[in-house]
Structure formats: C-alpha cells, structure tokens
Amino acid sequence: MNDTSKHQGLRNQLAKLLEEKGIRSKNVLDAIRLIPRHLFLDSSFENFAYQDKAFPIGADQTISQPYTVAFQSELLDIKKDDKILEIGTGSGYQTAVLCAMGATVYSIERQNKLFKRTSLLLPKLGFNPKKLIFGDGYKGLPEVAPFDSIIVTAGAPFIPQPLMAQLKVGGKLVIPLGEENQIMTMLIRKNETQFEKHEYGEFRFVPLLEDKN
C-alpha cells in the first residue's frame, strides 16, 4: 500500500485546517493524521484526497468531507473501548477513525459492493472493527445492544426508533436529520424514556436507505 511521507505531510496539513475550523479533540486530530485517506478513494482522486471535500466512492455513495467526519467523531467524545454502532460503513474511512480513537466498532452497510470492498480494505490497513455487517441500518443491531454511542453517516428523514432503543442510558446518537440538507443532531439518553436533543447546524449527506441490495 502506497503511503509516503508526502501523504503524511498532507495529513498534517489537513489536521491543521480542521483545527482552524474548530475541531478541538486531540483524539480526533490524531486519527486524521494517522489514517491514509487516499487509500479509501479511487486512485483517480488520490491527488485530492487531503482536501476538505467529499468524493464519490461508487454505488451512489460518497466518502464524507473530513470536517464532517471529524465533527461527528468529536461529538461522540469516544473513550477507549466504547462500544460504537456505525450506520453506513461506506468507504470505511469513518470506521477507521473510530477504530483509531480506541472504540470497539460495529458497522452496518446496505450496499453489497461497498460492504465487500471495505471488509477487505480495513484489515489490510490495520484497522479492525469488531464486526462489519451487511444489512439494514434502520434496524440497528439489537443482539449486541446497548451501545455507548451510535453514529449515522447518511441523511435520515426521521430518527429510527430501533436506534434510540439500542442506546445505553447516558449514550449518544449522532444523526444528520432532514431530506435535502440535514441538521446535525445529537440525542443523549437520560433514562429509559427521555432523550435530550442538541442541534449543530446544517450539513449535506447522501440519503440513508432502507433494506438492502
């Protein structure tokens, strides 16, 4: 795998840019410096991999803008060995960030092409989520719940009830809510029935799709 000192320099520049944009978590910035984002992209995008932009990855999906990945990751405030459910594995870049931050990661992807590619790529790069699942993210993963945090990496028109049910008390659900543009939303579970809601401005994601193909 081709990862050079030039790539490392570009990662350092990207981390500095994210810091200037307001990312404060050392854990997040260290992960951005560590992970070779260019290896998660088609080689035709390699020269652009460390720009703060989203790029297509096939199956009508994108690799999220690094700022978005960093922003969601910072909201989760991950502690070592936190059990995290990721809805939408996609390229695997966000998955790698969560692994690099010390989380125990379960990730669900509904696009079979992306699921197969990422299942091979992540271990090759030394990032080992606890489990990658081909399935419907709207349903979550009840057999492994409850989770310390759940992160949704696609725009959802509503908050799926199963995901709320699978959060432990004190746990966080970070989800972009909306049809065209999304409002980054965090729900914190206060007790069995109550959730505290926080909103963090507008972002753009591809839609969260149900079922699988």
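The values are calculated or read from the model by the stated rules, or taken from the named source; none is laboratory data. The shown structure was predicted, so the numbers you read here are calculated from the model rather than taken from an experiment. Every residue, glycine among them, receives a Cβ derived from its backbone with ideal geometry; neighbour counts consider all protein chains shown.
Odds and ends about this structure:
- Every pair of residues 6+ apart whose Cβ atoms lie under 7 Å, when the first sits in region 161-176 and is closer than 23 Å to Glu202 by Cα while the second is modelled with pLDDT under 95 and of a type in the set (Phe, Trp, Tyr): Pro176/Phe203; Pro176/Phe205
- Yes/no for Phe127 being in contact with a helix residue (DSSP H, G or I) (Cβ under 6 Å, 6 or more places away or on another chain) and surrounded by fewer than 18 Cβ atoms within 10 Å (Cβ to Cβ): no
- The single condition from (1) among the aliphatic types (A, V, I, L, M); (2) assigned to a loop (DSSP other than H, G, I, E, B); (3) under 15 Å from the mean Cα position of the chain (by Cα) that Val144 fails is (3).
Each row is one residue, and each column tells you yes or no for (1) acidic (Asp, Glu); (2) in a strand (DSSP E or B); (3) under 17 Å from the mean Cα position of the chain (by Cα).
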| site | (1), (2), (3) |
| --- | --- |
| Ile150 | no, yes, yes |
| Phe158 | no, no, no |
| Val169 | no, yes, no |
| Lys172 | no, yes, yes |
| Pro176 | no, yes, yes |
| Met184 | no, yes, yes |
| Ile188 | no, yes, no |
| Glu199 | yes, yes, no |
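- Residue in region 68-88 that is of a type in the set (Val, Ile, Thr), within 27 Å of Leu177 (Cβ to Cβ), surrounded by fewer than 22 Cβ atoms within 10 Å (Cβ to Cβ) and at pLDDT below 95 present: no
- One residue from Leu29, Leu34, Leu98 being of a type outside the set (Phe, Trp, Tyr), over 20 Å from Leu121 (Cβ atoms) and buried (at least 16 other Cβ atoms within 10 Å of the Cβ): Leu29
- The residues in region 101-126 that are under 12 Å from Thr89 (Cβ atoms), assigned to a loop (DSSP other than H, G, I, E, B) and within 14 Å of the chain's Cα centre (by Cα) can be counted, and the count is 0.
- Within region 17-32, the set of residues being under 18 Å from the mean Cα position of the chain (by Cα) and touching a residue at least 24 places away in the same chain (Cβ under 8 Å) comprises Leu18, Ile23, Arg24, Ser25, Asn27, Val28, Leu29, Asp30, Ala31, Ile32.
- Tally, over region 50-91, of residues that are in contact with a helix residue (DSSP H, G or I) (Cβ under 7 Å, 6 or more places away or on another chain), free of Cβ contacts under 8 Å to residues at least 40 places away in the same chain and of a type in the set (D, E, K, R): 1
- Tally, over region 181-204, of residues that are farther than 16 Å from Pro146 by Cβ and without any contact (Cβ under 8 Å) to a residue 12 or more places away in the chain: 1
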